[in-house]
Amino acid sequence: MIRHPFDRTPLDPAILERMRAIQPASLGHYLTEGIVSPAVRPLTSGKLIGRAVTVRQPLPDALPVHLVLDELQAGDVLVIDRAGDHHIACVGEMVARAAHAAGAAGIVVDGIVTDIEELREIGLPIYARGTNVVTTRLLNVPGAELFGPVIIGDVIVRTGDLIFGDANGLMRLPAAFDLGELFGKAEEDEAREVEWRWRLGSGTRLADLNGARRAQG
């Protein structure tokens, strides 16, 4: 099992506060990269904001995920790349409860989970491709990687990246990315939408509000 070094620099609390106040889709108006495939979808409710801690688990071995649980800190998102295995579940009730007890913000699996009713009861935001009844086992075989780059829904995710999602989907934002200008645009858009809701209800056409009619000439 390969363990990659990673940086534990805390996230800026101001960035997290701004993320809590906006929708991921408001950033999605401006981003073309980092948008996770909708095949990796929310299976429980709740907004997901946190720092990725990654596992690449190509074999049906439960050990890598159990070891990473010991490394989770408050605000982390456990991100698991099953390397194309969309049949065997690597997360169930006990993994989710352990992550929740460690203060994790959520779990993202490019693969399958189980115990969906219990996962919803725990209340941790969880994204995956679906559910099944067959699970990983403690095999202690080589092949896994901890804290290195993984691929989640066609997007490269590194430990330390920001993970941002809600019921509409999921995105990855590089930890080193300058988010100030992007957040500013999203905040302006959401403030403008408050007025637009009222004006649309009063009969104004959307094409007049957003400039589509002017763009048509």
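Any read-out appearing in this document is the output of simple, stated calculations on the displayed coordinates, not a laboratory observation. Because the structure is a prediction, the values reported are computed rather than measured. No Cβ is skipped: glycine too gets one built from the backbone with ideal geometry, and neighbour counts run over all protein chains shown.
Among GLU33, GLU121, the order by Cβ neighbours within 10 angstrom, fewest to most, reads GLU33, GLU121.
Exposure here means at most 15 other Cβ atoms within 10 Å; with trypsin sites (Lys or Arg not before Pro) in a DSSP loop as sites, the longest stretch of the chain lacking them is 9-204. Taking the centroid of alpha carbons for each part, the range 172-203 and the range 24-89 are 25 Å apart. Looking at the range 167-217, the chymotrypsin sites (Phe, Trp or Tyr not before Pro) that sit in a DSSP loop and have at most 14 other Cβ atoms within 10 Å of their own Cβ are PHE177.
Dipole check for the chain: with +1 at the C-beta of Lys and Arg, -1 at the C-beta of Asp and Glu, and the Cα centre as origin, the magnitude is about 440 Debye.
If you average over every viewing direction, what projected area does the convex hull of the Cα atoms of the chain give, in nm²? Walk me through the numbers on the way to the answer.
Details: hull surface 54.1 nm².
For the chain, averaging the hull's shadow over all directions gives 13.5 nm².
A Gaussian network model of the chain, with springs between Cα atoms under 10 Å, assigns the largest mean-square fluctuation among ASP110, ASP70, ASP85 to ASP70.
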